Amino acid sequence: MNPNAEHRKRMRQQVLKKGLEGFEDYQVLELLLSYSIPRKDTKPLAKRLLADFHGLAGVLDANPQELIKSEGVGEHTAVFLHSLPEAFKRYESSKFEVEKKKINSTSLAGDYIRVLCKKETYEVFYLICLDAQKRVVATEKIAKGTLDQAPVYTRNIVEAALRNRAHSVILAHNHPGGTARPSRADVEVTGRLKDALGTIGVTVVDHIISAGDRYVSFVEEDLL
């Protein structure tokens, strides 16, 4: 009989009810380890790995050969942990790979743009063109700037909207290494683009600013 079975059952039940809400990092890792080390108490190992690799991100980003050097971590566990980040990346990307993806809510727009901007180290500006049913017909990178600014050209954006026969558009850019809060310049640019696109009958649905795992919607902030 597995002496840890009841504890793991309680953890699974908690996840089924509330997800990982309320879990500390060591508990998340403990749960993950329980699927590759089924008959041992994985809490001590989870805490030790977090200390040795400086947090959950350090554990999941670690080279498998380095993980195997840790007592209690075999090849099976090292491969399992090492595979998780790539699996998560593919999951996020796959949500938006299908052509004509419908974006009809702020949360979907935010998720879409977070994925677009995730690997960008410089500030970039995207135009997401939608049809009348709010389906994505094109996503164009309009500008790429320095770490803290991206020149936005009204003419380029209007031309892209016309070229893709957009019914409406979502404006998007990132703040790498900073806060997702819009600056005064962001608000001014948005107003200028909204007016320009309005002259050709294209509606600006939202402007999303992404910063890491966070985003801010101009619509939700009543800035559009």
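The numbers here are math on the coordinates, done by the rules we state, and not lab data. Everything quoted here is computed from the prediction, not taken from an experiment. Here the Cβ positions follow ideal geometry from the backbone for every residue, glycine too, while neighbour counts run over all protein chains shown.
Once you wrap a convex hull around the alpha carbon atoms of segment 106-217, what is its projected area averaged over all directions, in nm²?
With every direction weighted equally, the projected area is 6.0 nm².
Taking the Cα atoms only, what angle lies between the long axis of helix 75-94 and the longest principal axis of the chain, rounded to 10 degrees?
The helix 75-94 is inclined about 20 degrees to the chain.
Of T121, V73, Q13, which is farthest towards the positive pole of the chain's charge dipole, taken about the Cα centre with +1 and -1 on the beta-carbons of Lys, Arg and Asp, Glu respectively?
The listed residue farthest towards the positive side: Q13.
Please list 102-108, 18-24 highest first by mean number of surrounding beta-carbon atoms within 10 Å per residue.
On the way: 102-108: 13.9, 18-24: 10.9.
Result, highest mean first: 102-108, 18-24.
Would you work out the relative contact order for the chain, in percent, from Cα pairs under 8 angstrom that are 6 or more residues apart?
Working: 304 pairs, mean separation 30.2, N = 224.
Relative contact order comes out at 13 percent.
Compute the angle between helix 106-117 and the longest alpha-carbon principal axis of the chain, please, reported from 0 to 90 degrees and rounded to the nearest 10.
The helix 106-117 is inclined about 80 degrees to the chain.
Pull out a ≥ b ≥ c, the square roots of the eigenvalues of the alpha-carbon gyration tensor of segment 5-94, then state rounded if a/c is under 1.5, prolate if not and a/b is larger than b/c, and oblate in the remaining case.
Oblate is the answer for segment 5-94, as a/c is 1.5 or above yet b/c matches or exceeds a/b.
In a shell of Cβ-Cβ distance under 10 Å around R8, excluding R8 itself, what net charge do Lys and Arg (+1) and Asp and Glu (-1) give?
For residues surrounding R8, the net value is 0.
For D195 and D52, FRET efficiency with R0 = 35 Å and r from the beta-carbon atoms, rounded to 0.05?
According to the calculation, E is roughly 0.05.
Report for the chain the percent antiparallel among DSSP-assigned beta bridges with both residues inside it, nearest 5. Before the final figure, lay out the partial values.
Working: 19 of 26 bridges.
About 75 percent, rounded to the nearest 5.
What does the C-alpha gyration tensor say about the overall shape of the chain? Classify as rounded when a/c is under 1.5, otherwise prolate if a/b is larger than b/c, or oblate.
Because a/c hits 1.5 or more and a/b exceeds b/c, the chain counts as prolate.
Specify the angular offset, from 0 to 90 degrees and rounded to the nearest 10, of the alpha carbon long axis of helix 43-52 from the longest principal axis of the alpha carbons in the chain.
Its long axis makes an angle of about 60 degrees.
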